[in-house]
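Visitor: Just dropping this structure here.
The values are calculated or read from the model by the stated rules, or taken from the named source; none is laboratory data. These figures come from a predicted structure and were not determined experimentally. Using ideal geometry, Cβ is built from the backbone for each residue, glycine included, and neighbour counts are taken over all protein chains shown. Just the protein is used for accessible areas: all its heavy atoms, side chains included, with ligands, DNA and RNA removed. Shrake-Rupley method; radii C 1.70, N 1.55, O 1.52, S 1.80 Å.
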Amino acid sequence: MAPWLAPIVWEGTFDPTLIDSIYKQQNITIATTVFALGKYTKFLKDFLESAEQNYFVGFRVHYYLFTDQPQQVPEVKMGEDHQLTVMVVPSSNRWQEISLRRMERLEKLIESQLINEANYVFSLDVDTKFYGRWGAESLGRLVAAIHPWFYYTPREQFPYERRPESQAFIPHSEGDFYYGGAMIGGLVKNVYQLVKTCREQLDIDAAKSIEAAWQEESHLNKYFLYNKPSKLLSPEYLWDDKRSKPEEIKTIRYSHVYKNYNEVRPNP
């Protein structure tokens with residue numbers, strides 16, 4: 001449990017059959033956004049194929065794929081009640097800009113479609129792969145994932161934005177966990193409030209020519225500091241293939257794949 005009594009989901013803390021059966025009775029739809037711009041389309045096949053083996057199997061899932069190269073979207077067989085919609089967006093020559101625009105695009109998608117079409121929404125990085133089950137145990141009002149590189153780090157050493165002039169500023173004396181920006185989720189209305197607030201804070205910073213240390217992830221951590229997540233996903237749900245699996249991690253469900261950033265990013 002987190003200090004504010006939000007559950008932290010680890011292997012062994014839930015009965016997968018029981019929790020899936022409870023949520024299936026509610027006939028829910030889970031929207032899932034993925035952004036694959038530029039050379040990041042190379043990760044789509046592994047992401048989608050591994051998701052279809054592990055991600056909310058047996059539930060109604062609607063993927064919304066944002067890309068500037070729709071012709072590069074691979075043909076992947078969708079499971080029952082799973083569908084994919086391609087959303088074409090402009091290209092960018094800065095990966096930082098791609099990251100910063102995600103909040104805005106998710107905000108607009110919720111306003112225009114998801115508010116009437118889905119119960120829950122998750123936003124996931126595409127340069128990832130599913131290695132194990134990801135199901136109803138991850139559902140909650142507002143869900144955050146603990147960053148795999150900082151779950152044992154003292155909060156004074158978290159890579160928060162430390163400049164007071166940024167809207168993402170967090171002083172060294174504050175902080176709970178360091179959350180990964182590769183996954184946000186929750187009820188549509190709660191995620192909408194999160195992305196709208198972060199987009200507004202990003203705009204304020206941009207007007208002052210400030211870019212937070214870790215772009216949207218910095219603003220996400222600021223939001224979660226004052227709007228506590230109702231559920232936390234352990235690093236099982238957000239690992240990194242560059243890390244070996246320590247003893248306390250019993251299973252890896254979803255992980256960033258190894259990549260050469262110089263090959264996939266449009267700028268340093």
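Visitor: List, please: which pairs have Cβ atoms under 7 Å, are six or more places apart or on different chains, and start with a residue in segment 126-151 that is in a loop (DSSP other than H, G, I, E, B) and end with one that is surrounded by fewer than 20 Cβ atoms within 10 Å (Cβ to Cβ) and small (Gly, Ala, Ser)?
Guide: Hits for this filter: Gly140/Ser230; Arg141/Ser230.
Visitor: Could you list all residues from segment 163-179 that are assigned to a loop (DSSP other than H, G, I, E, B) and among the hydrophobic types (A, V, I, L, M, F, W, C)?
Guide: If the condition is that a residue be assigned to a loop (DSSP other than H, G, I, E, B) and among the hydrophobic types (A, V, I, L, M, F, W, C), then Ala168, Ile170, Phe177 are the ones that fit.
Visitor: Any residue that is charged (D, E, K, R), open to solvent by 10 Å² or more (accessible area, probe 1.4 Å), under 22 Å from Ser138 (Cβ atoms) and part of a loop (DSSP other than H, G, I, E, B) - is there at least one of those in segment 59-82?
Guide: Taking segment 59-82 as the starting set, the residues that turn out to be charged (D, E, K, R) are 60, 68, 75, 77, 80-81.
When the remaining residues are screened for being open to solvent by 10 Å² or more (accessible area, probe 1.4 Å), the result is 60, 68, 75, 77, 80-81.
Filter once more, so that each one left must be under 22 Å from Ser138 (Cβ atoms): 60, 80-81.
Those still in the list that are part of a loop (DSSP other than H, G, I, E, B) too: 80-81.
The answer is yes; a qualifying residue exists.
Visitor: Still on this model: Residue by residue through segment 102-117, note down the ones that are surrounded by fewer than 21 Cβ atoms within 10 Å (Cβ to Cβ) and closer than 27 Å to Pro7 by Cβ.
Guide: Ile115
Visitor: I want to confirm something. Restricting to segment 90-101 and keeping residues that are more than 19 Å from the chain's Cα centre (by Cα) and either surrounded by fewer than 16 Cβ atoms within 10 Å (Cβ to Cβ) or of a type in the set (A, V, I, L, M, F, W, C) (or both), which single residue is modelled with the highest pLDDT?
Guide: Filtering segment 90-101 for residues that are more than 19 Å from the chain's Cα centre (by Cα) and either surrounded by fewer than 16 Cβ atoms within 10 Å (Cβ to Cβ) or of a type in the set (A, V, I, L, M, F, W, C) (or both), the one modelled with the highest pLDDT comes out as Pro90.
Visitor: When only residues in segment 192-227 that are touching a residue at least 40 places away in the same chain (Cβ under 8 Å) and open to solvent by 70 Å² or more (accessible area, probe 1.4 Å) count, which is nearest to Val121 (Cα to Cα)?
Guide: Trp214
Visitor: Kindly evaluate Val73 against the criterion of being touching an Asp or Glu at 6+ places or on another chain (Cβ under 7 Å) and not hydroxyl-bearing (Ser, Thr, Tyr).
Guide: For Val73, the condition - touching an Asp or Glu at 6+ places or on another chain (Cβ under 7 Å) and not hydroxyl-bearing (Ser, Thr, Tyr) - is not met.
Visitor: Working only within segment 9-25, note down all residues that are outside any loop (DSSP other than H, G, I, E, B) and surrounded by fewer than 15 Cβ atoms within 10 Å (Cβ to Cβ).
Guide: Pro16, Thr17, Leu18, Ser21, Ile22, Lys24
Visitor: Separate question: Six or more apart or on different chains, Cβ atoms under 8 Å: show the pairs whose first residue is in segment 167-182 and within 12 Å of Glu217 (Cβ to Cβ) and modelled with pLDDT of 90 or more and whose second is in a loop (DSSP other than H, G, I, E, B) and aliphatic (A, V, I, L, M).
Guide: From residues that are within 12 Å of Glu217 (Cβ to Cβ) and modelled with pLDDT of 90 or more, the pairs are Gly180/Leu238; Ala182/Leu238.
Visitor: Evaluate segment 41-54: report whether one residue or more is assigned to a helix (DSSP H, G or I), open to solvent by 10 Å² or more (accessible area, probe 1.4 Å), under 24 Å from Leu220 (Cβ atoms) and not polar (S, T, N, Q).
Guide: yes
Visitor: For segment 134-182, which residues satisfy the criterion of being within 17 Å of Val9 (Cα to Cα), open to solvent by 10 Å² or more (accessible area, probe 1.4 Å) and among the hydroxyl-bearing types (Ser, Thr, Tyr)?
Guide: If the condition is that a residue be within 17 Å of Val9 (Cα to Cα), open to solvent by 10 Å² or more (accessible area, probe 1.4 Å) and among the hydroxyl-bearing types (Ser, Thr, Tyr), then Tyr151, Tyr152 are the ones that fit.
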